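Visitor: Pasting a structure here, questions to come.
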Amino acid sequence: MNKFLHILIFLFLLFFQVLVADSIALWGIVTPMLYIMFILILPFQMPKWQVILLGFLMGFCIDIFTGVLGQHAAACVLIAFLRMPIISLVPTHIKFEEHMRPILWDMHFAWFIQYSLYLTLIHHIFFFFLDTMSFKNFFLVLGIALLNTVATVILIFIFQILFYKPSKRY
Amino acid sequence: MRNLFDFIVKNSYVFLFILLEIICFVFIYQSGSYRKWVMNSASKEISGPILEMRASYREYINLKNINELLISENKDLIHTAYNLNLSYSPAHIFNDTANNPVFEYVPANVIENTTHKQSNYIILDKGEKDSIAIDMGVITARGIVGIVKDVSPHFCIVLSLLHKEFSISAKLKRNDVAGILIWDGINHSKAKLKNISSIENLKVGDTVVTQHSLIFPENYPIGTVSKINQQVKGGYFALDILLFEQLSKMSKVWIIKNNYAHELSTLKEKVDNE
């Protein structure tokens, strides 16, 4: 059941990204990349190699539709790898329990905003510098990455509020 | 030995991470072969129909804008047609290329377009079956868009004007001052005209048009001069250009086929080989 749900979320986010989110081009530069939410909300207990592999798969599927093959995949693999360190880095008073997932309603608001902001920021900065392949327009690219980060995080929050509810205890 | 083995098993995910990153970077660096790969296998089979579907619903949403554009295009065409009738001159007899025009225009739909990156590409729904080839120009009614970079049977990839490697020769319409049009990666509605030898007699608001080439017809509009940079770089000046076409919003474009391109290039090759 859980696996099935993940596949559904995967497909939904993939098609939402390709069909809707990529059409958003605010001032021509802001295109939220909601699909990284898939990596953020994978269960805490999932083995690290599995998270990395799923991140690669997600990025690769997005790459087939947009841009240069490997760009999204490289950024996704990076945040999939850094997910656990970030989780242990973000301070929290909550006791982690078996049934909890890294979603807005299970954790504190402050925890989730830090968690999603850090990972989105890493992903976007890495992605946009990978795209530029130079530090010529360093601050411009950084600025674009920051704007996109804000848009992505806002969209992640909207989706968390709309489609998620606290997980039940088993 | 046992410890080493344990270490590898315990940290296998780190190796997986490094391996996958290497794979990604190999893909990125082989971007030339990527395009062929993606266009020939995956894009056509998987993403092609989906991107086309997306293009069609975007087109539906933009119908009002497209209509307005069509009306203004029609207005200009009627205007030129009437002017042609009025100003009949012998020159028209010699310039009449109606039987075998130099440039032919193929309409195409934009199915994928980015503007927020530094290396932007556009994918169009015309390919080899519509006899599209590499190095053809792409325009809209308002201005130039890019140059065809690669072709598959049903699609083509266009190097957007908004790409750090894009460059064509352009000139000012008023006094034929020539330069090289590039994009500096900063603003998606602006470009730069560099290698200008002198900025005397130049004004803000001058129209920038294409120079004669095999890719674009001569005097095709590009944009207007928005700023004249006073500082000299390597003996040349640079101008900021405000583009006529907003590349983030277009949905219909024209691919320019030059009927004499092949003939001219073979002639050039012949001379070069001698």
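Visitor: Please check: in the Gaussian network model of chain B (C-alpha springs, under 10 Å), which one of B:196, B:144, B:222 has the largest mean-square fluctuation.
Guide: B:196
Visitor: Could you give the length gained by full extension between residue B:252 and residue B:68, i.e. 0.36 nm per residue of separation minus their alpha carbon distance, to one decimal place?
Guide: Values: separation 184, 0.36 × 184 = 66.24 nm, distance 1.30 nm.
Length gained between residue B:252 and residue B:68: 64.9 nm.
Visitor: Roughly what percent of Cα-Cα pairs across chain B reach past 35 Å?
Guide: Cα-Cα pairs of chain B separated by over 35 Å account for 30 percent.
Visitor: Starting with the fewest neighbours, write out A:124, B:116 ranked by other beta-carbon atoms found within 10 Å of each beta-carbon. Mind dumping the intermediate values first?
Guide: Working: A:124 26, B:116 21.
With the sparsest Cβ surroundings first, the list reads B:116, A:124.
Visitor: Nearest 500 deg cm²/dmol is fine: what mean residue ellipticity at 222 nm does chain B get from its DSSP H runs of n ≥ 4 alone, each adding -39,500 (n - 2.57), divided by its residue count?
Guide: It lands at -10500 deg cm²/dmol.
Visitor: Between A:25, A:145, A:80, where does the largest GNM mean-square fluctuation fall for chain A, given springs only between Cα atoms within less than 10 Å?
Guide: A:25
Visitor: Please give me the summed charge of the neighbours of residue B:73: other residues whose Cβ is under 12 Å from its Cβ, Lys and Arg +1, Asp and Glu -1.
Guide: That sum, taken over residues with Cβ under 12 Å, equals +1.
Visitor: Fewest Cβ neighbours within 10 Å first, please rank B:2, B:142 accordingly.
Guide: In increasing order of surrounding Cβ atoms, one gets B:2, B:142.
Visitor: Once the cut-off is 35 Å, how many percent of the Cα-Cα pairs in the protein assembly as shown end up in the long-distance tail?
Guide: It works out to 40 percent of all Cα pairs.
Visitor: For chain B, what are the DSSP H helices with axial Cα length of 27 Å or more and mean Kyte-Doolittle hydropathy of at least -0.5?
Guide: TM-like helix candidates: B:63-86.
Visitor: Do the sum for chain A: with -39,500 (n - 2.57) for every DSSP H run of n ≥ 4, divided by all residues, what is the mean residue ellipticity at 222 nm, to the nearest 500 deg cm²/dmol?
Guide: -21000 deg cm²/dmol
Visitor: Could you tell me what fraction of 2.2 N^0.38 Å the Cα radius of gyration of segment A:2-163 comes to, as a two-decimal ratio?
Guide: Compared with the compact-globule rule of thumb, segment A:2-163 sits at 1.00.
Visitor: Please give the net charge around residue B:234, taking every other residue with its beta carbon less than 15 angstrom from that of residue B:234, where Lys and Arg add +1 and Asp and Glu add -1. Intermediate values should be presented prior to the final figure.
Guide: Numbers: positive: B:192, B:194, B:233; negative: none.
Taking every Cβ under 15 Å from that of residue B:234, the sum is +3.
Visitor: Give me the net charge for the shell around residue B:206: Cβ to Cβ below 12 angstrom, other residues only, Lys and Arg +1, Asp and Glu -1.
Guide: +3
Visitor: Measuring from centroid to centroid over Cα atoms, what is the spacing of segment B:233-274 and segment A:66-136 in Å?
Guide: 42 Å
Visitor: Right, next: Percent of Cα-Cα pairs more than 17 Å apart in segment A:74-170, please.
Guide: Above the 17 Å cut-off, segment A:74-170 has 57 percent of its Cα pairs.
Visitor: Anyone know which of A:90, A:150, A:30 comes out most mobile in the 10 Å Cα GNM of chain A?
Guide: Answer for the Gaussian network model of chain A: A:90.
Read-outs: derived from the displayed coordinates by stated rules, not from any lab. Bear in mind the structure is a predicted one, so any value in this text is a computation, not a measurement. Cβ coordinates were reconstructed from backbone atoms using ideal geometry, including for glycine residues, and neighbour counts include every protein chain displayed.
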